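Some notes on the structure that comes next.
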Amino acid sequence: MEKKSRGMLARTFEKKIFNSRVTSANTQKSEMWLGYFAGPCLVYMVYYAIAGSYLTQFYTDVLGLSGVFLTMMPIFSKIFDAFTNVVMGRIIDKTRTKQGKARPWVLISGVCMAVTGILLYTVPRSSYAVQIFWIILSYNLFFAFAFTIYNMSHSLMVPLSTRNTKQRDGLAMLNSMGMNMLPGLLVTIILPIMIRAFGVGEDSQGTWIMMMSIISILALPGTILEYYFTKERVTEENISEAGDTRKDVSMAKQLKACLSDPYWLIIMGFTLVYNIFNILSTNSMLYYCNWVLADSVNGGTGLQVLVNAIGQAPLGLGIIVLWPLVKKFGKRRIMMFGFGIGAVGSLIVLLNPGNFGIVLGGLFIKSIGALPTYVMTAQLAESLDHIEWKNGFRADGFSASVYAIIITVTAGIGQSIILGGISAFGYISPASTAEVITQPDAIKTFFSWCFVGIPMIGYVIGSLLMLIFDVEDKMPQIIADITARHKAEAEARGEVYISPEEKAEIEQKELEIKAEEKRIEELKEKCAKKGLNFEEEERKYQEKLAAKKAKEEAKAAKRKKK
């Protein structure tokens, strides 16, 4: 059955309608901004809106639910989620299509996320048992099924995009910016205003369902953009004249290779730490604004907007500053320094939780320190290249499984910690957005530590881990050795090996030839239409072209002398 379904998948994605709009051997602007920025931005805007802190608020402030069972549900759900991640990783590894092994699943996930995202909020007005059953079912359908498909396939897009480390670094930064900064900023500015208008309490559930359903549907255009404007160049390297030559490496073999690779262990370890403190900070932010900085949902709404607009402002312009710094100093050094700044900013907020001006200043500094996280996916790609260099095979499937497990399990852990603290420290649920409540000091302290205290510790750990993550310095030799290996394998099959750089050069020449043919065709049409002499017009064009070339050469010579 599995073999048959994979064959059907391969046949489906052979159709021209599913071809990538990216054809170049080099990364293109459309690929960068549509496939790695705009697409993920829409998807993660959906994710942060419907599956993050607002889902927790929906459970506590709209449905009025609490208790041990609800607190532990996210953690227990992640056990099942971990299993589906392993299965999905194996499915991706075994996927053989013209469009690659990960991209088809990005497209498929869009419909799944849109439908299951709506189910999260259509909890029936019934008994506690019926509501809990619906929550468990919808929660697992979204996290363990729909988002698992997207998250695992998406996590491989940067590692499989290209072996060119500079191009990959640029994709990683745009991808992380699209995943984290912009969707988080939009959601935490727009949604608090909408919630203030729609309200909380049992009577507001209908408007919550309408609002979250509209947002859920945005997953569809997001995955469509990511699918059509990405390209798996690393996967395509293994497709030769003899067909797909990728080795079917068992999960056990991938597991052994990954667990024996120090760089893989470091990047996965930090991904675990980062996601735990990021989830806690994100999920506690609205509670922190509502009840530490203010004393009502209405009072906290405006503060949420300012906390995100001002406190996270550096993340918006960060890529402009980060890119030249990474090129000059390298990813590892920038991350070490940045995380130290992040820890200082977090400490400032932790020591002054009720002073809004100081809180904004501390968050501004903290956000500067968070900028280096934009290159984490590039570091994952480097660790996978290192595994391939050592072992002769890639561990994409297993790594995607582990990466997705970390993302989903930490989301559950974060939600459980927040829900557990709410139950343990005496949180008082508001009956309306205008109700003024003085929350217990214990709950205020809890929200403060979730918001900035634990992230402070995480930044310190991350900075220390980067001290030994030196694979970046070894990448030129690693890429050279892998290329030599591929060349030898191609020659052993009786094929002529063409490197990615040579492919790009050939492709560029072909594009130039086609462009020139098209120019001549258009000029002939113009001359025929206007009664002009083609030879005369072509001579004028060539003279202008020669003059432009001579001017550029003169400028280049002048710069060289300086």
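Once the Cα-Cα distance is subtracted from the 0.36 nm per residue extended length, the residue 552 to residue 533 segment shows a gain of 3.9 nm.
Packing, taken as the mean count of other beta carbons within 10 Å per residue, orders the peptides 520-526, 139-145 from highest to lowest as 139-145, 520-526. With a simple spin-label model that places each label point 7 Å from the Cα along the Cα-to-Cβ direction, the separation between residue 189 and residue 328 comes to 2.9 nm.
A Förster radius of 60 Å combined with the Cβ-Cβ distance from residue 255 to residue 214 puts the calculated FRET efficiency at roughly 0.90. The HN-Hα couplings worked out from phi for the range 10-15 by the Karplus form 6.51 cos²θ - 1.76 cosθ + 1.60 (θ = phi - 60°) are 4, 5, 4, 7, 7, 5 Hz, whole numbers, x standing for Gly and Pro. Can you tell me the FRET efficiency between residue 523 and residue 19 if r is taken as the Cβ-Cβ distance and R0 is 30 Å, rounded to the nearest 0.05? After rounding, the FRET efficiency stands at 0.50. Under a plain spin-label model, where a point goes 7 Å from the Cα along Cα-to-Cβ, how far apart in nm are residue 12 and residue 66? It is 4.5 nm. Among the lysines, which have Cα under 29 Å from the Cα of residue 15 when same-chain residues fewer than 8 positions away are ignored? Here the lysines satisfying the reach criterion relative to residue 15 are 3, 4, 29, 94, 98, 101, 231, 247, 503, 509, 514, 518.
For the pair residue 514 and residue 438, label points projected 7 Å from Cα toward Cβ lie 7.2 nm apart. Once semi-axes √(5λ) of the Cα gyration tensor in Å is calculated for the structure shown, the corresponding label among (i) 45, 28, 25; (ii) 41, 32, 20; (iii) 51, 30, 24 turns out to be (i).
For the range 36-82, a/c is not less than 1.5, where a ≥ b ≥ c are the root eigenvalues of the C-alpha gyration tensor, and a/b does not top b/c. That puts it in the oblate class.
Using only side-chain charges placed at the Cβ, +1 for Lys and Arg and -1 for Asp and Glu, the dipole size of the chain relative to its Cα centre rounds to 1320 debye.
Expressed as a whole percent, the accessible area of the range 383-450 that falls on carbon and sulfur atoms is 65 (1.4 Å probe). Along the axis of the charge dipole computed for the chain (Cβ charges of +1 for Lys and Arg, -1 for Asp and Glu, origin at the Cα centre), the listed residues 258, 389, 542 are led at the positive end by 542.
Shape class for the range 322-415, computed from the alpha carbon gyration tensor (a ≥ b ≥ c): oblate, with a/c not under 1.5 and a/b at or below b/c. Solvent exposure of the chain amounts to 44 Å² per residue of accessible area, where only protein heavy atoms count and the probe is 1.4 Å.
The values are calculated or read from the model by the stated rules, or taken from the named source; none is laboratory data. What you see is a predicted model; the values in this text were computed from it and never measured. Cβ sites come from the backbone with ideal geometry, for glycine too, and all protein chains shown count toward neighbours. To get the accessible areas, we keep the full protein, side chains included, count just its heavy atoms, and leave off ligands, DNA and RNA. Shrake-Rupley method; radii C 1.70, N 1.55, O 1.52, S 1.80 Å.
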